[in-house]
Structure formats: structure tokens, C-alpha cells
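For reference, the structure is listed below as C-alpha cells.
Computed from the coordinates by the stated procedures, all read-outs in this text should not be read as laboratory data. Note that the coordinates shown come from a computational prediction; the quantities given were computed from them, not determined experimentally. Heads up, the Cβs are rebuilt from the backbone with ideal geometry, glycines too, and the neighbour counts pull from every protein chain shown.
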Amino acid sequence: MTLVNSDKIPLGFLAPNFELQGEDGKIYKLADSKDKPGLLVIFTCNHCPYAQAAWPLIVDLYQKYKDQVDFVAINSNDSEQIPDDSVQKMSDLVIEYQVRFPYLVDIEQKVARAYQATCTPDIFLFKNLGEGQFELQYHGRINDNWQHPELVTENNLDQAIHNVINDLDPILNQHPSMGCSIKWKKMDIQPGS
């Protein structure tokens with residue numbers, strides 16, 4: 001397990017488009033999110049302990065903000081390397097954690113690369129600008145103590161969502177998220193290429 005931090009991405013970054021299949025077999029795209037002030041995109045997985053610790057927190061935030069923010073989780077891990085991140089295991093996780101928002105599989109890993117995602121979980125909160133454009137307002141951790149929820153003193157993502165839905169300025173001091181590295185596919189490099 002390789003621990004990495006999320007990359008620094010400037011606020012104002014516009015959400016790249018995506019069209020991905022969910023663990024439920026349905027196709028979801030960025031354009032589906034058009035009616036709410038915010039969009040939360042979480043690059044995550046099943047097997048990583050950091051991601052596992054985040055799932056209940058994300059589900060709780062969804063219950064709190066589902067009427068104002070669209071939530072989308074994306075698994076970009078190579079399931080050939082990590083069988084626990086297969087689509088079937090994603091479906092099992094959805095049942096276990098009672099996930100009520102799309103959990104998508106990024107088989108070609110193009111979406112993770114477009115978003116510059118590096119770890120699980122890697123969290124992107126966007127403000128809906130209208131006309132299919134979403135502007136990055138927060139890219140960071142959920143809170144200041146992923147291991148011991150009872151000791152949390154800063155609920156950073158909750159505050160960031162509050163700011164988006166109330167049209168307030170973004171949090172300026174944003175701490176990176178951290179977790180397991182995304183498991184990228186091994187590229188076959190041919191001799192002489």
C-alpha cells in the first residue's frame with residue numbers, strides 16, 4: 001500500500017466531462033448533474049483502508065446534502081491488479097454501505113487522468129455555473145482525523161459544501177486528501193517504440 005496525497009489543483013478548474021457505467025449497469029455523465037448548486041466527485045475504491053474509512057462519512061454527507069449537491073463516486077483502479085475493486089465487489093459495497101448515489105467504474109482510467117486524481121479517496125467539490133460547467137471550489141480531505149472520527153475538530157468537506165450551497169467564497173486553506181495510490185494499468189511498452 002502506497003500512501004499519497006492528492007495533487008494541488010487550482011480553484012476554478014472546470015470539471016472534465018465523463019460518461020461512465022455504474023456498478024448498476026446504467027450510464028452516467030457529467031451532464032446529468034444540472035439542477036443542484038453543487039457536484040461532489042469522489043475517486044475511491046473498495047479495498048483501500050482510507051477509502052473504507054471515508055465511505056460512511058460520504059454516505060452521511062449525502063444524506064445531509066442530497067437535495068442540494070449531486071454525489072458521484074468513481075473507481076479508477078485496475079481490477080486486474082486488485083480483484084477487490086471489481087464491479088461485482090463495487091455492487092457488494094453499495095449494498096453494505098447503503099450507497100444511494102452512482103458508483104462508476106473508470107475502466108480506461110481516462111477520467112481519473114482528466115481530473116488529475118492520484119489517491120483514494122480524492123475529493124473534488126464543484127460549484128454549478130450552469131450550462132454544463134462546474135468550477136472547482138474544494139479539493140481536499142474530509143476532516144482532520146480519518147482514523148478517529150470521535151476526535152475530529154475540522155469537518156473540512158462539510159464546511160466546503162455549506163459554502164457552495166450558500167454561495168460563499170471557497171475555503172482558502174485546503175489540506176490535501178490522502179490515501180492509497182490509484183492502481184494504474186501497467187502499460188505494455190514495445191521494444192523500439
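Side notes on the structure shown:
- Couplings 3J(HN,Hα) for the stretch 18-28, derived from phi with the Karplus relation 6.51 cos²θ - 1.76 cosθ + 1.60 (θ = phi - 60°), are 8, 8, 9, 8, x, 5, 8, x, 7, 9, 10 Hz, where x marks Gly and Pro.
- Under a 5 Å amide H cut-off, with hydrogens placed 1.01 Å from N, PHE71 pairs with LEU40 among residues at least 5 apart or on other chains.
- Each of ASP35 and GLN88 was given a label point 7 Å from its Cα along the Cα-to-Cβ line. The distance between the two points is 3.6 nm.
- Of the trypsin sites (Lys or Arg not before Pro) in the stretch 56-112, those whose Cβ has at most 16 other Cβ within 10 Å and which sit in DSSP loop: LYS66, ARG100
- The chain - mean residue ellipticity at 222 nm from DSSP helices (-39,500 (n - 2.57) per run, n ≥ 4, rounded to 500): -7000 deg cm²/dmol
- Restricting attention to the stretch 3-181, close to 70% of DSSP beta bridges with both partner residues there are antiparallel.
- Neighbour count of at most 16 Cβ within 10 Å plus DSSP loop: longest chymotrypsin sites (Phe, Trp or Tyr not before Pro)-free window in the chain: 14-183
- When you filter the GluC sites (Glu not before Pro) in the stretch 90-193 for DSSP loop state and at most 16 other Cβ atoms inside 10 Å of their Cβ, you are left with GLU108, GLU131, GLU154.
- Loop-located trypsin sites (Lys or Arg not before Pro) in the stretch 139-186, at most 16 other Cβ atoms within 10 Å (DSSP): LYS185, LYS186
- Taking every alpha-carbon pair under 8 Å whose residues sit at least 6 apart, the chain reaches a relative contact order of 32 percent.
- Less than 5 angstrom separates the built amide H of ASP7 from those of THR118, all sequence-distant by 5 or more or on a different chain.
- Close amide H contacts of PHE134 (hydrogens built in the peptide plane, cut-off under 5 Å, sequence separation of 5 or more or a different chain): ALA15, LEU129.
- Pairs over the 27 Å Cα-Cα cut-off, from the set LYS34/LYS186; LYS29/LYS127; LYS26/LYS110: LYS34/LYS186.
- Length-normalised contact order for the stretch 1-73 - Cα pairs under 8 Å, 6+ apart - percent: 28
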